[in-house]
Each structure stands twice: as structure tokens, then as C-alpha cells.
Amino acid sequence: MSIVIATPSFYSAFDANGNPLAGGKVYTYLAGTLTPRATYTDQGGTTPNANPVILDSAGRANIWLDDSASYKFVVTDSADTPIRTTDNVAPFSTAAGLSVLGSIASNTLVGNNTGASATPTALTIAQVQAMIGSTFSHNSITGFLPSSIAGTATTATLTISTGQAADSTNASLFAKATTTSWAVTNGNAANGYQGGTTLPNSTTIHFYAIALPTDTSWTASFASLSLTPTLPGSYTRFRRLFSLRTSAAGALLNTVMIEAEGGGIIAWLGTATLDISTAALSTSRVAYPLNVPAGIKVQPFIRANIANNVGVILTSGDETDVAPGTYGATWTLVPGYDLSVGSNSMVGSTYLTTNTSGEIGARATGVASLYLVTRGWKDFRRS
């Protein structure tokens, strides 16, 4: 065997806030198992580390690996609270390492090379993370989309596609290679609903991927009304995947979701809903709830129409309340307006985000009728 270093110079670990993991512990196992596997304090492999390796006050340690097989790293704090698990940490020798680094420079990640004629294999994200000793952004997420949404408040089911994501504390990055089946009938258990076996009416339900402390992949899903769910059984890690609304009878609304840039998702309601229908729109801002998830801020997709000779302005929950410009020739005066009766269409910027109650604001230069239909929303998936 030959002995190689885990990361350049020394191994470094950090807590969920990016601070050095002082006094933390690194348990090392044979990849894919909980069989302890030795690491070493020196390149010669003459002095094994303790297992777990205890990190110094800067969260560092000398960890040299045996390159004859891959490792699993389980990192905890000093009290053995799990921080992250990284499986299939592939040690690489100097020659192989140069091949990897050269490939990274050319934007092609390869690894596990054994010689010049060897066929390279793709590195997993977990392997790259282990090599560079970095943590992944809390925003890191892809996949995990719902489909086959069906049933009533007591029989609701859906399927969640494969994907990968950082957990809610940004401590671990996991992937799920198989689809997950969720059902409200599972109750307060894995692949079930924290509130029991009946979904509430006209409410936002948040869906999560969940994992056990020792999991190297997401093993189940879970649903809750809360953004800080109480996980079932021995599950300790979670990441919100998406949020859905229920109907007035408690059934999950038919919604089609596709991936958007930055890990976000675009949700299209199976049936658009008329969320604002008023013949007396005020000259002061009024907050109107839309048929979009609450608890998080999303970008609603809308169509709107007004009547009466007025200008109407639509505002986001975080936007300063301003009066629309006077209808007519003064549109060019700040702030203008979004809707005018002259064309019955949107004429200005209509990029909106809701507040955490799922609301936007609307006001007019005079009494007006306003009709607004919600078609769907964009979920940024940052929580």
C-alpha cells in the first residue's frame, strides 16, 4: 500500500456556521460500512491515528489515508452530535492526484486513476467535497420534484423524484438515487405527515427529504405545516424540497413543477384561481392573499385586469408602499403604475414576491375594480 494525505497539508473541519470545529471528532470507516478503518499521523503510515481523530482548537488534524480502498468519514462535534457524513472518500496518490487536478482545471472531474492507460471514473460531489475540505452552499439542491399528486385529505399520495441537496444546516450533501412514495396514511412517520392522517383545508404543506444520523443518502420524505419540523423516529436531518397547497376540502392541489435556475422550481397550478375580485380597490394599499405557499416568500405568476379610469400598482410584501402615478400622461412620473384601464393589461414591471403570508399589495389612484388570477409560483428553495 501507499499512504496519501486526506487534504492538502492537513484535514480541516467546520461547524454549520463556518467556524472551526474545535475539539470535533472524525470517525473513519471502510466505505459503505461502519467497520472502523485506520488513518495515520504520517505519510509513512507507521503511526495510526486514534479513531475517532480528535481535532485541535482550529478544527484540524493530520490525517493520512491508505489508498487501497475508500473511506467513510463521520464528523461530529466534541459531544458526538453529527455534523456531516461523507462516504466513498477516495484517496489518491501523487500521480493520480495530478490527473484529478488537471481534469478539474479543464472542467472535467475524474478520479480513481491507477495508471496512464486507466479509464477514469467520474468523481461524486461527496468525493470532491472531501478532497477540497469545503462545505456546500445551503442553496445546493437539484431534483426532488413531485408528481402523481392524487387523493383526498385522508388518502393523499405523491411521488418525489430523485435528487441531491445540502441539509438544512449546510453540514452534509446527500443524494437520492430512487424515487420516494409519500402518503398521508403513513401518519407521523417516515414518508408521512407530522399532523397525523388528515391534511387540513386551504393550507400550505411543506415537504422534506429526511435522513438518519448515519445515512449516506436521503432515506425518506416527510410533510409538515412547520418550517422546523419535528422529525419522526431517529431521523435528525432534513431539507425542504417544495411546498404545496391544499383545497378547501384538504386535498393536495394538482400542481406541475419543473426545475428553474439556481435550484428553484416553477409550479403551475392545474387550475388557475381567481384570488382578487373586488369592485372597491382602495387608494391605500391592501394586502391580498394568493393561492401560493405561505411561510416562505415566492414569486407569484398572475394575470390581472381592472375597470374604471385609474392607475393600479401591485407591490411585493417587502416593497415600499407607494401610490401609483396618476392615470394618463403622467405615467412617466415615478413610480408609474402596473395596470391601466386604457389597455386592460399590465404595462409596467410586474415582478413580484409575496410575504410569508402569501400576500401581495394593491392600491389605485381612485376607486376601481380589480380582478387577479393566480397561475402558479416560483419557489426559490432557499429554506
Inset, instruction - Identify the single condition in (1) modelled with pLDDT of 90 or more; (2) surrounded by fewer than 20 Cβ atoms within 10 Å (Cβ to Cβ); (3) closer than 23 Å to residue 218 by Cα that residue 144 does not satisfy, given that it satisfies every other one. - result: (2)
Legend entry - Selection status of residue 79, closer than 15 Å to residue 12 by Cα and either in a loop (DSSP other than H, G, I, E, B) or not assigned by TED's automatic domain parsing to the domain that holds residue 215 (or both): no
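Given the options 267, 249, name the one that is part of a loop (DSSP other than H, G, I, E, B), touching a residue at least 24 places away in the same chain (Cβ under 8 Å), touching a Ser or Thr at 6+ places or on another chain (Cβ under 9 Å) and over 30 Å from residue 366 (Cα atoms).
On the way: 267 fails: part of a loop (DSSP other than H, G, I, E, B).
Answer to the check: 249.
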Inset, instruction - Scan region 189-196 and give yes if some residue there is loosely packed, with under 15 Cβ neighbours inside 10 Å and farther than 19 Å from residue 382 by Cβ, otherwise no. - result: yes
Inset, instruction - Mind telling me which of the residues 294, 364 ends up being of a type in the set (A, V, I, L, M), closer than 30 Å to residue 141 by Cβ and either at pLDDT below 85 or not assigned by TED's automatic domain parsing to the domain that holds residue 227 (or both)? - result: 294
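Filter region 45-70 down to the residues that are of a type in the set (Val, Ile, Thr) and loosely packed, with under 14 Cβ neighbours inside 10 Å and list them by number.
The initial filter retains those residues of region 45-70 that are of a type in the set (Val, Ile, Thr), namely 46-47, 53-54, 63.
If the condition is that a residue be of a type in the set (Val, Ile, Thr) and loosely packed, with under 14 Cβ neighbours inside 10 Å, then 46, 47, 54 are the ones that fit.
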Inset, instruction - Would you point out which residue out of 198, 236, 219 is over 17 Å from residue 165 (Cβ atoms), in contact (Cβ under 8 Å) with a residue 12 or more places away in the chain and not assigned by TED's automatic domain parsing to the domain that holds residue 290? - result: 198
Inset, instruction - State which residue is nearest to residue 182 (Cα to Cα) when the search covers only region 215-245 and only residues that are over 15 Å from the mean Cα position of the chain (by Cα) and of a type in the set (Val, Ile, Thr). - result: 219
Legend entry - Long-range neighbours under 6 Å by Cβ, at least six apart or interchain, first residue in the same structural domain as residue 45 (by TED's automatic domain parsing) and within 18 Å of residue 15 (Cα to Cα) within region 58-69, second surrounded by fewer than 19 Cβ atoms within 10 Å (Cβ to Cβ) and among the aromatic types (Phe, Trp, Tyr): 60/10
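The values are calculated or read from the model by the stated rules, or taken from the named source; none is laboratory data. Owing to the predicted nature of the structure, the values given are computational and were not obtained by experimental measurement. Glycine gets a Cβ as well: all are built from the backbone with ideal geometry, and neighbour counts include every protein chain shown.
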